[in-house]
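The values are calculated or read from the model by the stated rules, or taken from the named source; none is laboratory data. Only a predicted model underlies this, so the values are computations on that prediction, with no experimental measurement involved. Here the Cβ positions follow ideal geometry from the backbone for every residue, glycine too, while neighbour counts run over all protein chains shown. Surface areas here come from the heavy atoms of the whole protein model, side chains and all, with no ligands, DNA or RNA. Shrake-Rupley method; radii C 1.70, N 1.55, O 1.52, S 1.80 Å.
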Amino acid sequence: MPLEINVNGEARAVQGDPMTPLLTVLREEMHLTGAKLSCGEGFCGACTVLLDGTPAMSCLMPVGLVGERAVLTIEGLAPAGSELVPVQKAMLDNDAVQCGMCFPGMVLTLSALLQQNDSPSEDMIREALVGNICRCTGYERIVAAALEASRATVADAQEVSR
Amino acid sequence: MTAPVIGSDLPRRDAEDKLRGRTRYAMDSGRPGMLHAALRRADQPAARIRRLDVTAARRMPGVRAVVTAADAPGRYGIAVADHPLFAIDTIRYNGEPVAAVAAETLEQARAAADAILLELEPLPANLTMAESLASGAREIHPDWRDYQELVAGGSRGGNVAWEATVIRGDTDAAFARDDVTVVESEFVAGRQNQAPLEPRACVATYEDGRFVIETSTQVPWAVRNATANLLGVNVADVRVTAPAVGGGFGLKFEMALEPFAALLARASGRPVKLVNRREEEMLTALCRENADIRIRSAVSRDGEIVAREATVLMDCGAYGGEQPFLTTMTAHTLGANYRLGAVRLVSRAVYTNTAPTGAFRACNGAYNTFALERHTDEICAAIGMDPVEFRRRNVVGDGSMGATGQIFEGDVLGPMLERMETLRAGAAGGLPAGDRRLFGRATVVGTWFVFVGPSAATVNINPDGSVTLVTAGVEIGSGSMMQALPQIVSHSLGVPPESVVVRAADTDSAGFDIGVGGGRTTVSLGAASTAACDDARRKLLEVAADLLETAPEDLVLEDGHVGIVGVPDQRISIAQVAAHAQLVTGPISGSGSFTGRGTGSLPGCAAGHMIEALDIPIFTVHECDVAVDADTGHVQILAYRVVQDVGRAINPRAIHGQIQGGVAQGLGYALHEEVTIGADGCIRQRGLETYRLPLAQDVVPVQAELFEGAPSIGPLGAKGAGEIPILNVAAAVACAVANATGKRVRQIPLTPPRVLGLITGMEPQPNLSHVGSSWRDNVLDDPDELLARSPVHDTATPS
Amino acid sequence: MSTVTNERLFIPQTLREALDLLAEDSAITPIAGGTWLMRAPLRGEPLPGRCLAIGAIDELAGVQIEEATVTIGAGVSHAALARAVDGVPDLRGLGQAAMKSANPAIREVATVGGNLATGGFPAADLVPALLAMDAEVIVAHRDREERVPMTRFLEREPRVPPGSLLTGVRVARRRQSSGHARLTMRTAGDYAVAIVSLCLGLQEGGTITEARVAVGSVEPTPRRWTELEQALAGSRADAATAAQAADSLVAGFNGRDGVEAPGWYRTRVLPTLVRRAFEAALPRTA
Ligand SMILES: Cc1cc2nc3c(=O)[nH]c(=O)nc-3n(C[C@H](O)[C@H](O)[C@H](O)COP(=O)(O)OP(=O)(O)OC[C@H]3O[C@@H](n4cnc5c(N)ncnc54)[C@H](O)[C@@H]3O)c2cc1C
Ligand code: FES
Ligand code: FES
């Protein structure tokens, strides 16, 4: 029975072995190269995807264990033609990006955090990023962007509730 | 009138795709029919190859090509051609490639690489510089005399791959004076892995008799040349392109995987992709070299540095690589910052049976500045002078002479120290009550430079008014290619920065460039681009003058238009001019180039140096506050402040981003990032589990001020801003930890065990018995002959 | 019906099915979160040929907090465990262990069972925490169930014999305070180089009636620090005093040299970790 997983809202058949890391399937089979293979050992977060909204290191996740959970990759977060999500927008505005390798993971981790908690403290943001390494930026603008995005989200929500 | 583009915070054009995960790095590349490659590496540090048999591997499923040393007989290097692509007969480090395989899948390639039969006969390994320099040590390159020297002038011999010396004045006499205090210190610095998140990666094809290589590199031209040399083909038969690079920091400043992939592509007739696994990156990265340093100074009672001698040993690993070149830097980093009387320096690259090292952001400078600044604080302790006061009195200023005799222009460090005082105002000078940790603060200075050197640029003015800039520059993350260069072009041609398109590097379309690194992008590529713009502008104005029936001298370029001075409403768009030019003169393009002016040393002062003096020095002042936990040895950075000389800030926000990122990497170097080598010659930190990169919780916001106005030959007075932020961090942290603990900090990184060992006395002091106390003990040639050869300069009194 | 994704991965839905599969196929290896197992190639080990995923087995999923006992399913993730015991005073130390280990994404997948079953992993966080709680490990075979005290469980090789499955752990609830202190080289995110986990039975006046102290990551296998436990019993619960007592007893440890820290360092910091574990167990009631 061929394996099927839900990626970015679409059911996708998986050809290979169920023990193949989800990351390999995304990158090699589905050509979704936003998630990166950088360490392959769970320490850098460059391969982060969301499983039912929760960040997961796809380099250590056998594709056969994904099951019914919805996989969201960076490509699916703000699909082509749609606007950037608030964290992405804030990162753009803060000139946070350098080489860019960490950003797919950073963006997913932070947007999951903001889904859970619309006004996290700076400490909470830093703690949420313990598994996401950035070698270029020194993190400040990433953290600042997350704070800015949370303020924007809260402001929007207040707007709506008024 | 639009706002001036220089000094503005232009956003990056590449940011949105990077945020959307769309940017394709070399590691993301794919081609129809592409094969995957794997390398077989030796697992011993020193051995003779008894047998290498690839027949079984060739027959494995999916295998399409296997190549070995027989396919690449050449040797390459930067100063000395000592490095073969595959080990030939001899293994010189654990991890050295012996064969490469291409197969239909990565798993098949790896399986076949594992199936290659390799029989080794172990040789005694020199794993440390002490072992390599011991008398009777085995020569790692017994044939060193026969190697081709690509650069002349350095002394070589035995396990010393390169030696550079500085002799200025009579240190012997100065040390013998009875009115001076002599202070001597030893330092040891570990390796640092660049660890960009994108590993080294490339895809090669063989097309129309040429190698076409897409690669993650900072130096497309160097890759092109080295690949051609190793493969024994014409340089013109190699084409190198570089997409966005996922971080480099110097790791990608040398050829890496390209020739392997190229050979396999030719052998298989298929595109071949080769990407290092993280483990391979950990074991074979061209780390910042470990170094052993001894400094001795004679200082007068009022703090004048009458003489200084220093020896710096740089571990180049099994092959010289960048290190012979980097020995140059000791003169300009360890020999820098302060006015010196007599000075003698020796800087040696030493072969060991370990993975070759290379360039890492502020290469050589980061540990020499650590050593120099800690030594300076030890001097202050010895003569009882406040360290900031000492620096104020002694830093180089206008007219001061550098170690190799160059004369500096402008007072820069002095005013920057004052600026730091203002920046510090209001910072807490201690820990809150109840915090049992130890507080320390230190202020340190540093000197770096722009690695100028050749660059070429072409600009095409398109009939739609847009401008294409063609260079061999690569966007490695710093933003120079996305921000500073378009800003410079925009400024020169009066077009909005958004209409400047920067071509990704391709050696088939852009002229020679020495590479992206050394803080040179904005300066060298910027200057070449400015020259190209000047050329294009001249042509543009000539055509416009015709159209507007006026003289070119009366025209200005502004807002995408050509206007007549003093006649604001008479103007035509650059697009119109370019379209018109197409009909009358042909399309407008301009070309330009740049190289350093090659500031010289005082004649005879510097031997074996590839840079004798600095065309564009850059200065910096760093300060940090730390809390040290005396129970566990943990160092917490409480605050970090930087005043950085930038010449002129083209994009201030981008520079601040570089400072924050560079300081973070420096904190890793100073505190967590440790590379150690096991008894098997293998680096023990095999992944990011044990190689500890700074995480979001380990880094603090850096308070930074950009110091403008110091002289620079760079375009618009700019200096490089991307390298220097890491220069002083280990120095600042080490001095602050020394101040907090009252202990002589002599070794980095300051991991918790090392700091606790220092506090409790359980950490053995570094043993530098292989480095003689006098400069004389550490040179290959007869020191008296060296002295006789160097002209006597009357420079013994600091000016 | 178990979902057989192919001959390499089996996903049974019930414990019964899982135990049958394990009994019939000696070459099948359980996989939970996979955060340890998937790194086998990095340790130079092959990935198992056939795996049995335990994630779909309901019996292994929950945390039951009852009056007298707490039962934690083997398939519970570190994060889920931390959420489940949040606010349960006697289990504070276990919550701290679960919440501070690894990084957030790993905590969501790595399981209690995986943490306990892995031999050759000195730095496991839940192991010392459960040792200090005097937990019992439940190991199910096709025809029987074993209840193995932690201390004995850790001595077994392999800890979970072929053909069986770790289904959960049981902790007897007592009036106790517990705390977990781990020392990492960075602020967080790496394996602890030394861990002290403790449970204290306290009298009204603050005297320690019973102390159970477990030390992880210092030696190859986590163990109880019985000498310190004896020294603490009957004394006043005070972090500084406890650290002092620990200081005189560290000689009993033979710290392991590792890439991340030398052996001497791991033992040297133990008194500080004892102090921190006390502080974690007895947060100042303001
Ligand atoms: C980045 C990173 C950081 C980490 N940091 C920490 C840390 O700080 N502290 C810490 O404690 N751990 C840490 N871990 C280690 C570890 O991976 C997890 O804590 C946990 O031990 C693994 O759980 P798992 O469910 O992923 O196990 P798996 O990988 O699925 O399995 C691990 C082993 O246990 C066996 N097994 C699993 N479940 C059962 C069962 N029910 N019955 C029998 N055998 C079973 C498997 O066969 C396998 O041999 C870290 C891991 C990573 C990747
Ligand atoms: S690649 Fe998955 S965590 Fe680094
Ligand atoms: S921007 Fe390069 S790793 Fe984060």
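Pull out all pairs, ordered by first then second residue, where Cβ-Cβ is under 7 Å, the residues are six or more apart or on different chains, the first lies in the stretch A:137-160 and is within 9 Å of chain B (Cβ to nearest Cβ) and more than 16 Å from ligand 2 (Cβ to nearest atom), and the second is of a type in the set (D, E) and not in a helix (DSSP H, G or I).
Here the result reads A:R141/A:D95, each pair linking the stretch A:137-160 to a residue that is of a type in the set (D, E) and not in a helix (DSSP H, G or I).
Which condition does B:A38 not pass, out of (1) more than 14 Å from every other protein chain (Cβ to nearest Cβ); (2) within 30 Å of B:Y147 (Cβ to Cβ), if it passes all the others?
Among (1) more than 14 Å from every other protein chain (Cβ to nearest Cβ); (2) within 30 Å of B:Y147 (Cβ to Cβ), the lone unmet condition for B:A38 is (1).
Looking at the stretch C:91-121, which of the residues that are farther than 22 Å from A:T54 by Cβ and either crowded, with 20+ Cβ neighbours inside 10 Å or of a type in the set (G, A, S) (or both) is nearest to ligand 3 (Cβ to nearest atom)?
The qualifying residue nearest to ligand 3 (Cβ to nearest atom) is C:G120.
In the stretch B:236-253, how many are open to solvent by 20 Å² or more (accessible area, probe 1.4 Å) and away from every other protein chain (no Cβ under 11 Å)?
6
Of the residues that make up the stretch C:103-120, is at least one modelled with pLDDT of 95 or more, out of contact with any His (no Cβ under 8 Å at 6 or more places or on another chain), more than 8 Å from ligand 1 (Cβ to nearest atom) and part of a loop (DSSP other than H, G, I, E, B)?
The answer is no, given that none of the residues of the stretch C:103-120 is modelled with pLDDT of 95 or more, out of contact with any His (no Cβ under 8 Å at 6 or more places or on another chain), more than 8 Å from ligand 1 (Cβ to nearest atom) and part of a loop (DSSP other than H, G, I, E, B).
Given the conditions (1) in contact (Cβ under 8 Å) with a residue 24 or more places away in the chain; (2) more than 15 Å from ligand 1 (Cβ to nearest atom); (3) open to solvent by less than 10 Å² (accessible area, probe 1.4 Å); (4) not β-branched (V, I, T), report the number of the one that A:G100 does not fulfil.
(1)
Testing B:G153 on (1) in contact with a strand residue (DSSP E or B) (Cβ under 8 Å, 6 or more places away or on another chain); (2) open to solvent by 10 Å² or more (accessible area, probe 1.4 Å); (3) within 23 Å of B:M329 (Cβ to Cβ); (4) within 14 Å of chain A (Cβ to nearest Cβ), one condition comes back false. Which one is that?
It is condition (4) that B:G153 fails.
Hey, can you tell me all the residues within the stretch C:169-189 that are surrounded by fewer than 24 Cβ atoms within 10 Å (Cβ to Cβ), closer than 29 Å to C:E67 by Cα and either small (G, A, S) or within 16 Å of ligand 1 (Cβ to nearest atom) (or both)?
C:R170, C:A172, C:S177
Which count do you get for residues in the stretch C:7-42 that are more than 16 Å from ligand 2 (Cβ to nearest atom) and within 30 Å of B:Q685 (Cα to Cα)?
The total comes to 4.
Out of curiosity, is A:G64 under 24 Å from B:R277 (Cβ atoms) and either more than 16 Å from ligand 1 (Cβ to nearest atom) or open to solvent by less than 30 Å² (accessible area, probe 1.4 Å) (or both)?
Spelling it out, A:G64 is indeed under 24 Å from B:R277 (Cβ atoms) and either more than 16 Å from ligand 1 (Cβ to nearest atom) or open to solvent by less than 30 Å² (accessible area, probe 1.4 Å) (or both).
Within the stretch A:56-84, can you find the residues that are touching a helix residue (DSSP H, G or I) at 6+ places or on another chain (Cβ under 8 Å) and free of Cβ contacts under 8 Å to residues at least 60 places away in the same chain?
A:A56, A:S58, A:C59, A:L60, A:M61, A:P62, A:I74, A:L77, A:A78, A:E83, A:L84
Looking only at the stretch B:177-211, filter to residues that are more than 13 Å from every other protein chain (Cβ to nearest Cβ) and acidic (D, E); which one of those is farthest from ligand 3 (Cβ to nearest atom)?
B:D178
Does B:E279 satisfy the condition of being open to solvent by 10 Å² or more (accessible area, probe 1.4 Å) and not in a loop (DSSP other than H, G, I, E, B)?
Spelling it out, B:E279 is indeed open to solvent by 10 Å² or more (accessible area, probe 1.4 Å) and not in a loop (DSSP other than H, G, I, E, B).
For the stretch B:546-561, how many residues are assigned to a strand (DSSP E or B), buried (at least 17 other Cβ atoms within 10 Å of the Cβ) and in contact (Cβ under 8 Å) with a residue 24 or more places away in the chain?
Of the residues in that region, 2 qualify.
Determine whether the stretch A:124-134 contains at least one residue that is at negative phi, more than 16 Å from ligand 3 (Cβ to nearest atom), crowded, with 20+ Cβ neighbours inside 10 Å and more than 9 Å from chain B (Cβ to nearest Cβ).
no
Of the conditions (1) more than 22 Å from C:P46 (Cβ to Cβ); (2) in contact with a helix residue (DSSP H, G or I) (Cβ under 6 Å, 6 or more places away or on another chain); (3) away from ligand 2 (no atom under 16 Å from the Cβ); (4) open to solvent by less than 40 Å² (accessible area, probe 1.4 Å), A:G34 satisfies every one except a single condition; which number is it?
(3)
For the stretch B:771-791, how many residues are open to solvent by less than 40 Å² (accessible area, probe 1.4 Å), more than 14 Å from B:I295 (Cα to Cα) and touching a residue at least 60 places away in the same chain (Cβ under 8 Å)?
Looking only at that region, the number is 4.
Mind checking which residues of the stretch B:212-226 are open to solvent by 10 Å² or more (accessible area, probe 1.4 Å) and of a type in the set (V, I, T)?
B:V212
Out of all the residues in the stretch B:617-673, which are in contact with a Leu (Cβ under 7 Å, 6 or more places away or on another chain) and of a type in the set (F, W, Y)?
Answer for the stretch B:617-673, where residues must be in contact with a Leu (Cβ under 7 Å, 6 or more places away or on another chain) and of a type in the set (F, W, Y): just B:F619.
Out of the residues in the stretch B:747-761 meeting the condition of being touching a residue at least 40 places away in the same chain (Cβ under 8 Å) and out of contact with any helix residue (DSSP H, G or I) (no Cβ under 7 Å at 6 or more places or on another chain), tell me which one is nearest to the other protein chains (Cβ to nearest Cβ).
Applying the filter and picking the extreme gives B:P752.
Kindly indicate the residue of the stretch C:50-74 that is touching a Gly at 6+ places or on another chain (Cβ under 7 Å) and in a loop (DSSP other than H, G, I, E, B) and also farthest from ligand 1 (Cβ to nearest atom) among those meeting that condition.
C:G62
Every residue in the stretch B:367-393 that is buried (at least 24 other Cβ atoms within 10 Å of the Cβ) and of a type in the set (F, W, Y), please.
B:Y367, B:F370
Counting only residues that are modelled with pLDDT of 95 or more and open to solvent by 40 Å² or more (accessible area, probe 1.4 Å), give me the strands (runs of 3 or more DSSP E) lying completely in the stretch B:1-106 with at least 3 of them.
B:47-53
Filter the stretch B:677-701 down to residues that are within 7 Å of chain C (Cβ to nearest Cβ) and either within 18 Å of B:R288 (Cα to Cα) or modelled with pLDDT under 95 (or both) and give me whichever is surrounded by the fewest Cβ atoms within 10 Å (Cβ to Cβ).
By that ranking, first place goes to B:R684.
Just wondering, is there one or more residues in the stretch C:75-92 that are outside any loop (DSSP other than H, G, I, E, B), within 10 Å of chain A (Cβ to nearest Cβ), more than 15 Å from A:M19 (Cα to Cα) and within 16 Å of ligand 2 (Cβ to nearest atom)?
The answer is no, given that none of the residues of the stretch C:75-92 is outside any loop (DSSP other than H, G, I, E, B), within 10 Å of chain A (Cβ to nearest Cβ), more than 15 Å from A:M19 (Cα to Cα) and within 16 Å of ligand 2 (Cβ to nearest atom).
Testing A:A11 on (1) assigned to a loop (DSSP other than H, G, I, E, B); (2) among the aliphatic types (A, V, I, L, M); (3) away from ligand 2 (no atom under 16 Å from the Cβ), one condition comes back false. Which one is that?
All conditions are met except number (1).
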